[in-house]
Every structure is written in structure tokens, then in C-alpha cells.
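These notes are about the structure you will find just below.
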Amino acid sequence: MGPGATPVYVGGINRSGTTLMARILGSSSVLAVPPSEFLFFGRRAAPERVDRAGFERRLAEILRWPRVREWGLDDADVLARSRSWPASTRSLFLLPLESYRARTGKPRLGEKSVLNEFRLDALRAWLGDYRLVQMVRDPVAAYASTYAGWSPDLRRALRWGRLWHASATIGLQRSLDEPARHRLVRYEDLTRDPRATVVGVAEFLRIEFEEEAMLGLVAYATKENSSFPVAATGAYDHAIRRSDGVDRRAAVHPRERAVLATVCGPAARRLGYEVETRPRPAAVAVARVLEDTRPRRRLRALLATLS
């Protein structure tokens, strides 16, 4: 597989700009990125072992997934194409993507699913070579966008913050270890200066920067993907919303912000994000005990924490 055919994947935690980056790349003339994410691994699509009949049944199920239905594939055509492929998990993953690429007539396939950065071992084993563009965003802003309108929950913030930190740590390390394969992109840089950021990503992927198409998101009917109402005064560069007037930090409860600062702080600082430094409230420590300690030991742990 030569550089021109190397598959491209977009990853990152939810609400970090993965959809925006996928639409930018999929609007180029060479990358076929489906309009909705595959979530192949999250849907537990990978069987341990499968014979030919079981393989075709599983492929038919995948083609019926609501998100995959949005790709406009011809199920009969994909199933017929599958008979020249080995009955394997790799084929279940690649066949729908390759079929979408063939439908668009573009030379190179792409895919976006949140948390693709946690699937690097499978991508390397199945593809040999690939390119991954991983999005990252200020943890407080990403959390606000994920849980807009929800009641505060410190244990939820703790779990989410740990996932953010794990994702960011992978991105920081892989982009250093394998800079030709793994590109870490801050959402804030993409929206602050879309042209410069996308030029850099295009160079990384060895594709031409097509300004009007890529910044205009021309391959997709839906341009907006915000968790908050889009302000009429929002600032745009082509179709990319650079700002919307929403203070996402204010949308997160102070105690949840304290949890995120505690959990995400090390990676967030390395990425240039502002992290709150005021003293951690006792409620944060309590949340960690409730989340991490077995029920029979919680009372003793809570007393030790609060003493």
C-alpha cells in the first residue's frame, strides 16, 4: 500500500472536534470519509472466530446499523464484493469503508470514530500503515459540550476526565514517537486559524489543500455540530465556526471543574490549556473514594479522607 493509498483515520474524545475534522478531510477530492462515524469497535462488531456463513450474517448486520445506512451503500453489492475477501474481522472492518470509497469514486478511504486512538494496535495489525489525525480540546470545554444541560455529577466528571487524560496522553506520546503516522491537533488551533491548521494536516497526509472545498465542508449537507444554540453573531471562516459567544467554562459546575483540573491537569498543561489551581474541595476527594473504593471499604476511606 503506497503513500497515496494509506487509509486515514480521525480520532479523539467526544466533542473534541472529530466531526469537524472528518468533514474537512472528507470534503477533499481524494479522501472518502463517511458522513457518520462507524464505531466498529464500540459496537463489538469483531467476532472471535467466524466461518463464511457467519461472516456474511455479521456483515449484513453491520450494513443495517443506522449510522452505516446513512452511507448510501448497496447491501447486495457489498455482500457480493465480500465473497472475494477472506472471512475475517479485518474484512468486516474494511469492506464497508472500501465500498463507500468506491461509491464516491475517490482514491483513498478514511473514517472517523471517537476513541480511534485506542485502536492503534488493531489498525497496525490490519493495515500495516495508516495515518491518524487525533483531535484534542480543552477538557472543561469538551466536558461542557458533552454534558450540556445535565445536572452536576462529580463521579461522572471523574470518569470522563480520566478518559480525556488517557486519550490526550496517547496523542502526546504517539505524535512524538511516530510523527509521520500520528498527528495531534488542538481544536482551538483549528478554529482560531482554520487555513494554517488544515494546511498542516494536508501536508501530513500528503494531499493537496483545497481551500474552498475543505474549509467549506462541501461534501456534507450538515455544517453545524454544536451542543449549544449557535449564536447569530458567531464568527465563521468559510463554513467553519470560529466562535459562538458561549462561555463553556461557566456551564460546568465549579466542583466538576475542580475534578477535571485534578484528573486532566498534567496532560492539559502540556497541551497549553489553562488549569484551575485553587484548593481542591473535599467533595472531589469524596468522589474519588466513591468511584474507586469497594463498597465495604468506602466508609473507612471516607472517614480517612475527611479527617
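The values are calculated or read from the model by the stated rules, or taken from the named source; none is laboratory data. Not measured: the values here are computed from a predicted model. Counting neighbours? That spans all protein chains shown, and the Cβs are built from the backbone with ideal geometry, glycine included.
Worth a mention:
- Any hit, segment 149-163, residues being crowded, with 18+ Cβ neighbours inside 10 Å, within 24 Å of Val198 (Cβ to Cβ) and not polar (S, T, N, Q): no
Rundown of residues vs (1) closer than 23 Å to Gly12 by Cβ; (2) of a type in the set (A, V, I, L, M, F, W, C); (3) in contact with a Lys or Arg (Cβ under 6 Å, 6 or more places away or on another chain); (4) surrounded by 18 or more Cβ atoms within 10 Å (Cβ to Cβ), yes/no style:
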{"position": "Ala87", "(1), (2), (3), (4)": "no, yes, yes, yes"}
{"position": "Arg90", "(1), (2), (3), (4)": "no, no, no, no"}
{"position": "Leu115", "(1), (2), (3), (4)": "yes, yes, no, yes"}
{"position": "Leu127", "(1), (2), (3), (4)": "yes, yes, no, no"}
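- Restricting attention to segment 57-113 and to residues that are in a helix (DSSP H, G or I), over 22 Å from the mean Cα position of the chain (by Cα) and charged (D, E, K, R), the residue that is nearest to Gln134 (Cα to Cα) turns out to be Arg103.
- Condition check for Arg174: of a type in the set (Lys, Arg), at pLDDT 95 or above and farther than 22 Å from Asn14 by Cα: no
- Cβ-Cβ under 9 Å pairs, at least 6 apart or on other chains, segment 234-251 side without any contact (Cβ under 8 Å) to a residue 12 or more places away in the chain and part of a loop (DSSP other than H, G, I, E, B), far side among the acidic types (Asp, Glu) and crowded, with 18+ Cβ neighbours inside 10 Å: Gly234/Asp244
- All of (1) surrounded by 15 or more Cβ atoms within 10 Å (Cβ to Cβ); (2) over 25 Å from Gly245 (Cβ atoms) hold for Arg137 with one exception: (2).
- A residue that is touching a residue at least 12 places away in the same chain (Cβ under 8 Å), in contact with a helix residue (DSSP H, G or I) (Cβ under 9 Å, 6 or more places away or on another chain) and within 17 Å of Lys112 (Cβ to Cβ) occurs nowhere in segment 77-85.
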